[in-house]
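The values are calculated or read from the model by the stated rules, or taken from the named source; none is laboratory data. Everything quoted here is computed from the prediction, not taken from an experiment. Cβ placement follows ideal geometry from the backbone for every residue including glycine, while neighbour counts extend to all protein chains displayed. Calculation scope for accessible area: heavy atoms of the full protein, side chains included, ligands and nucleic acids excluded. Shrake-Rupley method; radii C 1.70, N 1.55, O 1.52, S 1.80 Å.
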Amino acid sequence: MAGSVPMTSGSSMNPRTRSMKETSWVKWALIGLAALVLLWLIVLPLIVVITEALKQGWDVFLAAIVDPDAMSALRLTLLVAVITVPLNTIFGVAAAWAITKFRFRGKQFLITLIDLPFAVSPVIGGMIYVLVYGEHGWLGGWLDSHNIQIIFALPGIILATLFITFPFVARELIPLMEDQGQQEEEAAVTLGAKGWTVFWKITLPNIKWGLLYGVILCNARAMGEFGAVSVVSGHIRGETNTLPLHVEILYNEYQFSASFAVASLLLVLALVTLVLKGWFARKNAH
Amino acid sequence: MKTIATKRGVLPGFGLTMGYSVLYLSLVVLIPLSALLLNSTGLTWGKFWDIATDARVLASFKVSFLTAAAAGLIDAVLGLLLAWVLVRYDFPGKSIFDAMIDLPFALPTAVAGVSLTAIYSDKGWIGSLLEPLGIQVAYTPIGITLALMFIGIPFVVRTVQPVLEELESEVEEAAATLGSGRVRTFLVVVLPQLYPALLTGFALAFSRGIGEYGSVVFISGNMPMKTEIAPLLIMSKLEQFDYAGATAVALLLLMISFLLMLIINTLQHRLRKTAR
């Protein structure tokens, strides 16, 4: 479903007969064309973030980043990731264990339900929590009378982020654990090992690189989510503003350099994610 | 020792992991999503129909679906080129090339949105070149399509790439031995085997494009009837506390995208069958 990133192991070149190869100039023309597409479509937006961020010099750049509102947005973004990523990781491991180690009816249906958040627009992903916890929502009256605020506050941001990043870890682990089978675990249990011991000593070492791969993608989306969080945040500066929302606020105030300076922090997050992701995928392939 | 050979197998933990998974899935996904269907907003069928046939709503759906389809189609062509080059050729910088394909997955959509707007606005690197030619990209459907192309391209490359790697070379070799030219071999032998993967890649990019918000909202200009996408219309209805209206548009968007995915899945099933 949308949002899934299959882990690609290093591609091996098939030996091909001579008659199947394109002539050299066709080959290099295609490579050149592909490089142009990549530069235009993907690399250019990356470069422009940096050039726009530094357009008015380092002082403006640094001022935008150490600005108290930006710092508080950074703290909120990190806090949301620190809470949501472990929760979805625990779910992902549990769901993958149930789905890959046992046979039961409706397994395919359960996998479809887990994938559901990828098929739903992020705006709808945020909106459903407004319908449940908002002022006029199902639980709105009760929450209000108990002075609990969920929408336009931290809990709402966490819930919307949980929804958006829900499938990442499970999706990565299910095919991986399916491939690995369960002979090792079964052998250990037959020899008398306890369930948790089997998980920590056998399963976890086997899946750790795939698990980290899912976690890093989950984290990137948790820190970068915009649409869903935008619906539930309320955009209160210094309080419920995450980094991506801060980019939007500055941009709408025509503080372009500052907006791109904050955006460049998120660009660093994306690049670190790509590097780690490649590393985990290579480790997993071995 | 307990009897361990149960019906499900010897491994423990089914009750715990299954129970927890279903509980967590219900709390985070199913119950909140059901708020849309069980409609807590007092939406009636009559009202739903009024909203669904409202000119502004229809216009936003037209913009969303046309731009997402155009972006998906262009991505299918460009993605095939990128996947082909990555699988079939060796060249310097290939691993960086390969890694960069995933940037749209890792980059927050709002960052892509502001960056693309800066590139294609009339003062931007590309926008300023196109302006004298009378071509406006930012704040038009072309801009929306470009943003959705950025978001969708990895889906196509990452679905086509593994299929292209697994492709059996015998048929290709046979065609070549029988004197078929390279272009003809590609069109007649290789391409048909890639149709299911291309269709999947298109479908993933398309469905992501229909729901996309962050990368589009900056470059679209958000003019009602012209460049307003459906997710943005939901957003503006929410901001006006028109929850019934927002629910109606959201339900419509969900129903149409599920229907389309169903059609595409069926098509794909057929394609796979005929490919064999």
Rounded to a whole %, the carbon-and-sulfur portion of the accessible area of the protein assembly as shown at a 1.4 Å probe is 66 percent
May I ask for the Rg/Rh ratio of chain A, computed from Cα atoms with Rh as the Kirkwood radius, given to two decimals?
-> 1.05
Which of the helices in chain B, when you take each full DSSP H run, stretch at least 27 Å along the axis at their Cα atoms and have an average Kyte-Doolittle score of -1.0 or higher?
-> B:55-88, B:141-166, B:191-211, B:243-275
For A:Lys107, counting only aspartates and glutamates whose alpha-carbon sits under 19 Å away and dropping same-chain residues fewer than eight positions off, the answer is A:Asp115, A:Glu172, A:Glu178, A:Asp179
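With r defined as the distance between the Cβ atoms of B:Ile135 and B:Glu173 and R0 fixed at 51 Å, what FRET efficiency is calculated, to the nearest 0.05?
Between B:Ile135 and B:Glu173 the formula returns 0.65.
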Please work out the C-alpha center-to-center distance from the range A:35-94 to the range B:37-109 and express it in whole Å.
-> 22 Å
In nm, the gap between the two label points placed 7 Å beyond Cα toward Cβ at B:Leu187 and A:Thr112 is 3.9 nm
Ranked from highest to lowest mean number of other Cβ atoms within 10 Å per residue, what is the order of the peptides B:189-195, B:154-160?
-> B:154-160, B:189-195
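Hey, with R₀ at 22 Å, roughly what FRET efficiency would B:Gln240 and A:Asn147 work out to, going by the Cβ-Cβ distance, to 0.05?
With a Förster radius of 22 Å, E is 0.25.
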Which value results for Rg/Rh of the range A:168-286 when Rg is the Cα radius of gyration and Rh the Kirkwood radius based on the inverse mean 1/r?
-> 1.19
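Work out the length of the dipole vector of the protein assembly as shown about its Cα centre, built from +1 on the beta-carbon of each Lys and Arg and -1 on the beta-carbon of each Asp and Glu, and round it to the nearest 20 debye.
The dipole magnitude comes to about 1720 debye.
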List the GluC sites (Glu not before Pro) in the range A:199-286 that DSSP assigns to loop (not H, G, I, E or B) and whose Cβ has at most 12 other Cβ atoms within 10 Å. Which are they?
-> A:Glu253
Extension gain, A:Val275 back to A:Arg237 (0.36 nm per residue minus Cα-Cα distance, nm) | 10.5 nm
So, for the Cα atoms of the protein assembly as shown, Rg and Dmax in Å stand at 24.4, 83
How many percent of Cα pairs in chain B exceed 33 Å?
-> 40 percent
